[in-house]
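Remarks on the structure that follows.
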Amino acid sequence: MRNLAQLKKQVNDWNTLFSEVDDLAEFTKLCISEEDSSMFESITDDLLMVRTKSERLELDLFLSGEYDNRNAILTLHAGAGGVDSQDWAEMLLRMYSRWSNSAGNTIEILESSPGDEAGIKSATLQIKGDNAYGYLKAEKGVHRLVRLSPYDSDHARHTSFALVEVVPEVEEGVDIEVDTDDLRIDVFKAGGAGGQSVQKNSTAIRITHIPTGIKVSCQNERSQHQNKVIAMRILVSRLADLQRIQREKHISEIKGKHVSAEWGNQIRSYVLHPYKLVKDHRTGEETADADGVLDGDIDQFIRSYLTSTVG
């Protein structure tokens, strides 16, 4: 039923686009025949909107993976670089939030750990929308920032790193089964800003999957049960992604080629000083509009990655 609904929506989206193109063409012809130039700006705006929509629908055609049409669970980790990297992780959180909003997705912060002075040490987001995982899988890996540090009194140039992990949201018991005997569940008090905001009850949950060592935690909700449900959702998704990686690794080894996607692989650099440039090291895609990218305009990098992996 999920696949059927997805296919129906895809057909409806294309039919809507065709209708919009026909209407725009007829309106343009009418303006030309009547030599009316007053609507030029409106036609240009409509044409840009149609082009953006067609590019997004075209990109959807590259998403044929098993979980591409699922929601995504995206986790950010600040890397080497201290407070600068924690600030960089928060900048990436803002970038993905803005991209999600522009794509019509909804975003929910499932877990976050604030930095010591600024930014975040880590955060886990649930991004709901059509093909959310299919798009965001292009963002997996290490992201590198080069800039003049606002936290350095000498305003020296600093290099910061953050790791982006993306897994598809899966259903427990449907996509993967988890043996409760394999789990260790720890309960602790959620951290707070002090005063009345400090939790007096132990509501935060940490779940460890003993066979794999995968750990997840949630402390955002006031209910221990809600935190446990969210933590299990994250755990199941990560276990499913681990299975997928192991399958792909086996296939790659048979083919004689294996490309690691672990922490050591830097996928993209964002240079803000001494010049502005964002470059994806996997595809060679680059732009000087670093501000636009950090405001969420990352479609060109997603497109270049997805098209480069076809076949």
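Only the coordinates and a few stated rules stand behind these numbers; no lab work does. None of the values given here were measured: they were computed from a predicted structure. For neighbour counting, all protein chains shown are included, and Cβ atoms are generated from backbone atoms with ideal geometry for every residue, glycine included.
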Once the Cα atoms of helix 2-33 and of the chain are each reduced to a long axis, what angle between those two axes, in degrees from 0 to 90 to the nearest 10, is obtained?
30
Assuming R0 = 51 Å, what is the FRET efficiency of Leu57 and Asp152, from their Cβ-Cβ distance, to the nearest 0.05?
0.65
I want the local charge near Asp84. Using Cβ-Cβ distances under 15 Å, sum +1 for each Lys or Arg and -1 for each Asp or Glu among the other residues.
-2
With N denoting the number of residues in the range 2-60, provide Rg(C-alpha) divided by 2.2 N^0.38 Å, to two decimal places.
1.40
Under a plain spin-label model, where a point goes 7 Å from the Cα along Cα-to-Cβ, how far apart in nm are Asn220 and Gln243?
2.5
Checking the table Lys215/Lys279; Lys137/Lys215; Lys215/Lys249; Lys8/Lys128 against a 30 Å threshold on Cα-Cα, which pairs fail?
Lys215/Lys279
Quick one: longest stretch of the chain between exposed loop trypsin sites (Lys or Arg not before Pro), exposed meaning at most 10 other C-beta atoms within 10 Å and loop per DSSP?
1-199
Consider a paramagnetic label point 7 Å from the Cα of Thr287 along Cα→Cβ; state which residues of the range 138-159 have an amide N under 20 Å from it.
138-147
Against the longest principal axis of the chain, how steep is helix 40-60, in degrees 0 to 90 to the nearest 10, with axes from Cα atoms?
50
The chain: radius of gyration over Cα atoms, expressed as a fraction of 2.2 N^0.38 Å:
1.15
For the Cα atoms of the chain, what angle does the longest principal axis make with the long axis of helix 83-102, in degrees from 0 to 90, nearest 10?
40
